[in-house]
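Quick notes on the structure that follows.
The values are calculated or read from the model by the stated rules, or taken from the named source; none is laboratory data. Quantities reported herein were computed from a predicted structural model and do not represent experimental measurements. Virtual Cβ from ideal backbone geometry, glycine too; neighbours counted across all protein chains shown. The accessibility values were calculated without ligands, DNA or RNA, using every heavy atom of the protein model including side chains. Shrake-Rupley method; radii C 1.70, N 1.55, O 1.52, S 1.80 Å.
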Amino acid sequence: MKKRMVGLAVMFTMIILQLISGISASAEELATAGTKHYQTNFTETSLSGRDTYMEQFFQVESYWQEESVEVHLDYAISQLTQNERSSITLSINGTPFHSFRPVAQETGKQQLSVQIPVELIVKGVNTLMVQGHLESTAPLVANVCLPTETRENWLQIAKSSRVAVNYSAEPIQNSIRDFNQHFIGLGTIKDAQNAIAVPKANMAAELEAATYALSGFAKANPTTEKPIPLVEYNSDNMKGKQAVVLVSLFENLPEEIKPLVQSDNLENKATLQLIKQADRSVLVITSRNADLLVKAGRLAANQTLLNQIDADHKDVDNTTEVDTPTVNISRNLTLTETGDKLVGDRHREKSYFISLPGNRSIADASKLNIKFRYARNLDFDRSMVTVLINDTPIGSKRLSTELADGDHMEFTIPKTLNISGNFTVKVAFDLELKNAWCIENQGQMPWAFIDKDTMLQLNTKDRADLLFNNYPYPFLRDGSYNKVAVVLPKERDGYIYQTLTNLFNLLGRYAQTNTGEIQFYQDNVSAQQLKDREVIAIGSYQDNQVIRDTNKNLYFRYDASGRGFVSNEKMSIDASYGTRIGTLQLIDSPYGNGFGLLAVTGSESKYTYLASKLIGSEGTLWKVFGDGAVTDIDGNIKAFRFKKETTAESNNVLNQVIERRDVLGFMIASMLIVLLVLLSLILMIRKYNKKRGGRR
């Protein structure tokens, strides 16, 4: 009996311990349930030299509460590295936090995982530096300095290296500004928790306003891998969404949303109102007036204004200013507002991003004037500065003692670079020290400073060829939507909305203003409505009248039944294969001279969507050139040029002169001077003739 009691006591004790363990485990799960994870992968980098470094940037959102940050390195070093004399140091935002001695191994790749102190992390952009001191030879004689052979010193960092941020996200506050920050946050986009929605039976004004809003958010999207979706508002599409922008005329609002909207006087105003639901926040953009709804959509495309609205609603009427500033095309640009300092020996560089509309290219006589100064303790026989545009060198200069306190370089940007759209200017210094192998580098020597007076004189010209090489022209011109007409099928499934998502996420990234014009039409649109517009026709031969009407002009034409594409002079197409491909075709518009028409088309909407993916991001756009492209479900892509190439440049000298205001002004002034001289000569001759006549 006593043994039975002891056994029962042991059994009850075990049950209680299991319950306690289960409760503890559940508590631990609850504690970590709100933890999210975001990682930034490195770009693959190969470094060489005794002292070398690389920088990797990663973002921390303002509403994140960082719990831990870990850097994971996959790297390989030279097998000749001297282990006891080499080291690698990791720094975050200029502060070192971990150093180690790499061990040379024949196997190659090595791994390291280390925590970054959370207190060193800042909101916004963080800079992780991997700095290596690598030596492959040892001095043959004690206390003798010998140069190190840099070709043997190398460090390779694989693209599988990453920075991982574990964080908990603060909930969306009751302000449009905070909603906006969450909506375009890295974690929100990565987990597909955001969307722009329109009602199912949407009207043209609703699609127009939603497209403007999408363009603004797409431009602010910090990642190019994941687009912001444009969807119909329904329960399936809203699953898992935590931040939704709903664009709708008031009468078309969903029944569960309509009672929550402040609906007074919506005939004379539009409103942006933040509504909290059980599992999401919805920014409702609505009005009873179609024109004001479109204006409210333009406001949503203005990130500067959205980030200033601390209230949960904003009214828009006819007097509300919503436009973004206009884009200056040819202008003088200051590369740095306060100047930039570079410290450390050997190779140091600073990059500057220049934003330029996709249809503009750099014209003749664009100049770069760089002013800088540098330390006097350099080896001036080996120190130099190089300027690169898109990593192509355009000029170099050797540094000198005499000009150390105030040096400068001026370059004319070569026309042969053929730069169009955004580009990068890089200023790279090679700061070499005398007997560097004998000097312990203190980190702050030597140095160079790029002065704030550094200027880029930017002259540009239009690129007007209807080619995907110049895309997004003609639909964007000088940073604005260029009288775009989008023709859609009457019945739209999810693939059609995914096609719009792809098209306007990329166009939105290039759009620099919210002042352009986009009109939406159904396939029964008249030719008069499309006159003198840049047309985008989406759909198939069966469901889009514009594609049917222009089939004879397409490079890839549908067969007589309209079920599939047929062969042409560039590509043989099997009848069955022709029903399983999507095409992009950029042709001259039949609705107006000098305008273009883009057909995004396939026999079914899923193939139309496949074609749109080619112009959905910068990552795929480079695969498309010429004016016609074909893709299939297996990922095969073929691009062709059907328009004949011109044998000579079509640029007219007069047009180039007119675009150059400085040259035009000089020519006008010169002509005026010549006219004044001629007028003076005429008057002098007349006066002389009168005197001679009087003497007679």
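Assorted remarks:
- Taking region 268-324 as the range and being in contact with a Leu (Cβ under 9 Å, 6 or more places away or on another chain), more than 21 Å from ALA195 (Cβ to Cβ) and either open to solvent by 70 Å² or more (accessible area, probe 1.4 Å) or touching a residue at least 40 places away in the same chain (Cβ under 8 Å) (or both) as the test, the residues that pass are ASN268, LYS269, ARG288, ALA290, ALA311, ASP315, VAL316, ASP317, ASN318, GLU321, VAL322, THR324.
- The residues of region 534-576 that are under 21 Å from TYR471 (Cβ atoms) and surrounded by fewer than 20 Cβ atoms within 10 Å (Cβ to Cβ), listed by number, are ASN553, LYS570, MET571.
- Within region 406-459, strands (runs of 3 or more DSSP E) holding 3 or more residues that are open to solvent by 60 Å² or more (accessible area, probe 1.4 Å), farther than 20 Å from GLN131 by Cβ and modelled with pLDDT of 85 or more: 407-412
- Restricting region 80-93 to residues that are at pLDDT 90 or above and either surrounded by fewer than 15 Cβ atoms within 10 Å (Cβ to Cβ) or of a type in the set (Val, Ile, Thr) (or both) leaves a set whose member that is nearest to ASN153 (Cα to Cα) is THR89.
- Only helices (runs of 4 or more DSSP H) whose full extent lies in region 175-239 are considered here, and the ones with at least 3 residues that are under 21 Å from LYS258 (Cα atoms) and either among the hydrophobic types (A, V, I, L, M, F, W, C) or open to solvent by 10 Å² or more (accessible area, probe 1.4 Å) (or both) are 204-220, 235-238.
- Residue under evaluation ASP627, criteria (1) open to solvent by 50 Å² or more (accessible area, probe 1.4 Å); (2) touching a strand residue (DSSP E or B) at 6+ places or on another chain (Cβ under 8 Å); (3) among the charged types (D, E, K, R), criterion not met: (1)
- Within region 240-267, tally of residues that are in a loop (DSSP other than H, G, I, E, B) and open to solvent by 70 Å² or more (accessible area, probe 1.4 Å): 7
- When ALA511 is tested against (1) farther than 19 Å from LEU584 by Cβ; (2) surrounded by fewer than 22 Cβ atoms within 10 Å (Cβ to Cβ), exactly one condition is not met: (2).
- Output for region 460-499, where each listed residue is among the hydrophobic types (A, V, I, L, M, F, W, C) and either over 26 Å from the mean Cα position of the chain (by Cα) or not in a strand (DSSP E or B) (or both): ALA464, LEU466, LEU467, PHE468, PHE475, VAL487, LEU488, ILE496
- Against the numbered list (1) among the hydroxyl-bearing types (Ser, Thr, Tyr); (2) without any contact (Cβ under 8 Å) to a residue 60 or more places away in the chain; (3) open to solvent by 10 Å² or more (accessible area, probe 1.4 Å), TYR591 comes up short only at (2).
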